[in-house]
Amino acid sequence: MQGSIADMLLYVLLIGAAGFSLWSAYGQRQLQQQLQETRTQLGRAQSGDYLPVIVRPLVQNPERVVRLGAPASGMQFLYVFSPDCRFCAASAPHIERIYSRAAASGSEFYGVSLRDATATDAFLKKHGSKIPTVALTDARTRALMRVRTVPALLSVERNGRIRYVKYGVLTEKDVPRDPPGAVALPHQATLP
């Protein structure tokens, strides 16, 4: 009888230890996921951040230089992409329509490719893009922009502050539906 009580006690302790181990492993996994999400968020440009002013020539017309992060007036949209990104290719028809709406509203709109001018030009021609685009091949400049996830659509206020950021593939629901005279673009989103 004493042996069976001792055995039962041992089983209860083993089950308790196993349960504690599972609970502890689950908690550790949750902490690792939170840490990864925090790292991702810290490495990305967010609403409220400021962009540095970046001056680059256009891929389509190297004699014309544009200033990213410093709209001359109103709002500036930046579409950050990579020619070898399948999500960027999937976003191409939608970003073209967003570009048309932004241009109709008088906003500046530039594509920002994270690859060289040759690859960027080939991508733009393949998709029939009319978006004026710059190529950022310098790792330091890309790091200053803090846009490592593509595709990304940013709207930048006149003072260089990011008002809106959308990471990921763009779809039909991202294209504004208002008539051109009353364009409701992402820059009209409020800051937290």
- Item | Subset of segment 105-162 (residues that are of a type in the set (K, R), more than 16 Å from P57 (Cβ to Cβ) and without any contact (Cβ under 8 Å) to a residue 40 or more places away in the chain) | K125, K126, K130, R140, R142
- Query: Since A45 meets every condition but one in (1) modelled with pLDDT under 90; (2) in contact with a Ser or Thr (Cβ under 7 Å, 6 or more places away or on another chain); (3) surrounded by 14 or more Cβ atoms within 10 Å (Cβ to Cβ), which condition does it not meet?
  - Reply: (2)
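Restricting attention to segment 61-78, and to residues there that are among the charged types (D, E, K, R) and part of a loop (DSSP other than H, G, I, E, B), which single residue is least open to solvent (accessible area, probe 1.4 Å)?
Filtering segment 61-78 for residues that are among the charged types (D, E, K, R) and part of a loop (DSSP other than H, G, I, E, B), the one least open to solvent (accessible area, probe 1.4 Å) comes out as R64.
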- Message: If I filter segment 85-96 for residues that are open to solvent by less than 10 Å² (accessible area, probe 1.4 Å) and not aliphatic (A, V, I, L, M), do I get at least one hit?
- Response: yes
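R115: out of contact with any strand residue (DSSP E or B) (no Cβ under 9 Å at 6 or more places or on another chain) and open to solvent by 50 Å² or more (accessible area, probe 1.4 Å), yes or no?
Numbers: out of contact with any strand residue (DSSP E or B) (no Cβ under 9 Å at 6 or more places or on another chain): no; open to solvent by 50 Å² or more (accessible area, probe 1.4 Å): yes.
Answer is no for this residue.
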- Any chance you could count how many residues in segment 97-107 are under 19 Å from V66 (Cβ atoms) and open to solvent by less than 40 Å² (accessible area, probe 1.4 Å)? 3
- Just name the residue that is surrounded by the most Cβ atoms within 10 Å (Cβ to Cβ) out of those in segment 170-192 that are part of a loop (DSSP other than H, G, I, E, B) and at pLDDT 80 or above. L170
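The values are calculated or read from the model by the stated rules, or taken from the named source; none is laboratory data. If you're wondering where the values come from, they're calculated on a predicted model, not measured in any experiment. Here Cβ is always computed from backbone atoms with ideal geometry, including for glycine, and neighbour counts include all displayed protein chains. These accessible areas exclude ligands, DNA and RNA; they are computed on the full protein's heavy atoms, side chains included. Shrake-Rupley method; radii C 1.70, N 1.55, O 1.52, S 1.80 Å.
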